[in-house]
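The values are calculated or read from the model by the stated rules, or taken from the named source; none is laboratory data. The shown structure was predicted, so the numbers you read here are calculated from the model rather than taken from an experiment. Virtual Cβ from ideal backbone geometry, glycine too; neighbours counted across all protein chains shown. In case anyone asks, the SASA skips ligands and DNA or RNA and just uses the protein heavy atoms, side chains included. Shrake-Rupley method; radii C 1.70, N 1.55, O 1.52, S 1.80 Å.
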Amino acid sequence: MDLSLTQSLKQEQILSPQMLQSLALLTLPVQELKAHIQEEIEKNPALEIPEGEFEEPIKTKISTDNEETDGFLSAPDAADYELSSFSSSDYEASDRKQEMLENSSIIGESLSEHLLSQLGEVHTSESVSEIAEMLIGNLDENGFFILPLSSLFEEKVFDEKDIEAALSLVQSFDPYGVCVKDFRESLVLQAKNSGMNEEDLKIFSAIVYDYLEKLNNGKMTEVSRALKISEEDLQTFYSILKSFTPYPGRNFSRESESYVVPEFSIRTKGGRLVLTINRDSLPNLEISDSFASLASSLSGPEAKEASKYINASLAEAKLLIRQVELRYQTIYKAAIALMEAQHDFFTDGPRYLKALSLKEIAEKIGVHETTVSRLSQNKWVDTDWGLFQLKYFFSQGVATDSGESMSRNAVKDMIAEIISENPKLSDQKISDLLKEKGVSCARRTVSKYRSELNINSSFSRK
């Protein structure tokens, strides 16, 4: 064994702090973005709310017969977002800023912020830290994966050991049970992190994966015989299970989510679909002319330090304005692509929701799949059929007799409708009825979708 120095050349993309902040703003819903802007206005005197204060909503149209888009707004570019200055007194600017602050609500720490703060306190390699950030950015409000890990890392090769180390690291953070595929994995992880020994963990895992429904129906004797343990021991396991939370991320739901503000609306007007981007809730920020002119008027020994502070504040203010506009450009492009892809849903209703992947929209608007994944979190869309989360429009397909693919969410709606009409139907009978309607959905799949809808089995519904 001998020691030597070697040189290697490789391409690597490193996300700058500015890029990371842009991605962070992309995930924020309207109310949280408003609170973030509030914080920036409080600490940065270079930011000012202009006299107009709010812009008109951005609108565009698309015909219902797939004609060429007739838009009130062309594809956004930098020219659409040039800063304009308003000459106004410091008193008026102060009043507008104060009004903005008073109308904003303070919100708590999000799940991603909570996890990232813990990551910042851990000493680990750059690779593991980068993977951990990607994992945290890939979690929904429950703390579960949005994209499967195979898709998350497909465009950038990481060492398998680093991925495993990052996964274990995030799973060790508070709250226990996040950074997993679903609620079952979460419950098992919580049991593991609680110190349960290996033998008991195997029994607990079997309960979670195979016998939850039977336990919910009170079939303790049947389950204890299947697991070859006493009913007393089974009751102990069941009590432990009920002490865990199946959706640990929900404990970090923000206050602002008690009501929702849609990012955009897509409604039918005059035989056309009309897209409206919601900008009414946010102020139209600009740079304060009076603050910007201070640097040139300073003199004396402290002028250099004061000028440095003023220029740094101006740079941060300009960056925030660009990032907010970039966020709306991305949302606008994604909304147009979604309106075209789910045209039948917006005109005819949820039953006509099509299978749609994040990758399809990402390719249409020229961004990475993970960007669309971040964009779809905690965002709402106003339609003629009600308010829907943006992620509702992305789901895998279920085969139909016509050869087309129907969205899983549309199939769930059909199952819920069938059960509401006849609550006593078994999963097999529901599967048969779906088959008669041209939808191939096995009994186990029906059972899975029914559970996701929080509908009990036919035994409990009788």
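Structure values in brief
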{"quantity": "Residue under evaluation residue 436, criteria (1) surrounded by 14 or more Cβ atoms within 10 Å (Cβ to Cβ); (2) more than 22 Å from residue 269 (Cα to Cα); (3) not small (Gly, Ala, Ser), criterion not met", "calculated": "(1)"}
{"quantity": "All positions within the stretch 365-406 that are assigned to a strand (DSSP E or B), within 30 Å of residue 111 (Cα to Cα), polar (S, T, N, Q) and modelled with pLDDT under 85", "calculated": "395"}
{"quantity": "Count of the stretch 228-255 residues which are loosely packed, with under 14 Cβ neighbours inside 10 Å, within 14 Å of residue 190 (Cα to Cα) and not polar (S, T, N, Q)", "calculated": "1"}
{"quantity": "Qualifying residues in the stretch 293-309 (those that are among the polar types (S, T, N, Q) and under 16 Å from residue 45 (Cα atoms)) - the one modelled with the lowest pLDDT", "calculated": "293"}
{"quantity": "Criterion: of a type in the set (Gly, Ala, Ser), crowded, with 20+ Cβ neighbours inside 10 Å, at pLDDT 85 or above and in a helix (DSSP H, G or I) - qualifying residue of 312, 337, 317, 362", "calculated": "317"}
{"quantity": "So residue 232, is it more than 27 Å from residue 174 (Cβ to Cβ), in a helix (DSSP H, G or I), of a type outside the set (A, V, I, L, M, F, W, C) and more than 28 Å from the chain's Cα centre (by Cα)", "calculated": "yes"}
{"quantity": "Top-ranked residue in the stretch 102-115 [being surrounded by fewer than 18 Cβ atoms within 10 Å (Cβ to Cβ) and in a helix (DSSP H, G or I); ranked as modelled with the lowest pLDDT]", "calculated": "102"}
{"quantity": "Within the stretch 120-147, tally of residues that are closer than 18 Å to residue 177 by Cβ and more than 20 Å from the chain's Cα centre (by Cα)", "calculated": "0"}
{"quantity": "Scope the stretch 185-227; condition open to solvent by 50 Å² or more (accessible area, probe 1.4 Å) and in contact (Cβ under 8 Å) with a residue 60 or more places away in the chain; matching residues", "calculated": "213, 216"}
{"quantity": "Among residues of the stretch 310-347, those that are among the acidic types (Asp, Glu) and closer than 18 Å to residue 45 by Cα, counted", "calculated": "1"}
{"quantity": "Inter-residue pairs, beta-carbon under 7 Å, first assigned to a loop (DSSP other than H, G, I, E, B) and in the stretch 242-270, second at pLDDT 90 or above and among the charged types (D, E, K, R), 6+ apart", "calculated": "262/382"}
{"quantity": "Which numbered condition residue 157 fails, given (1) under 29 Å from residue 358 (Cα atoms); (2) assigned to a helix (DSSP H, G or I)", "calculated": "(2)"}
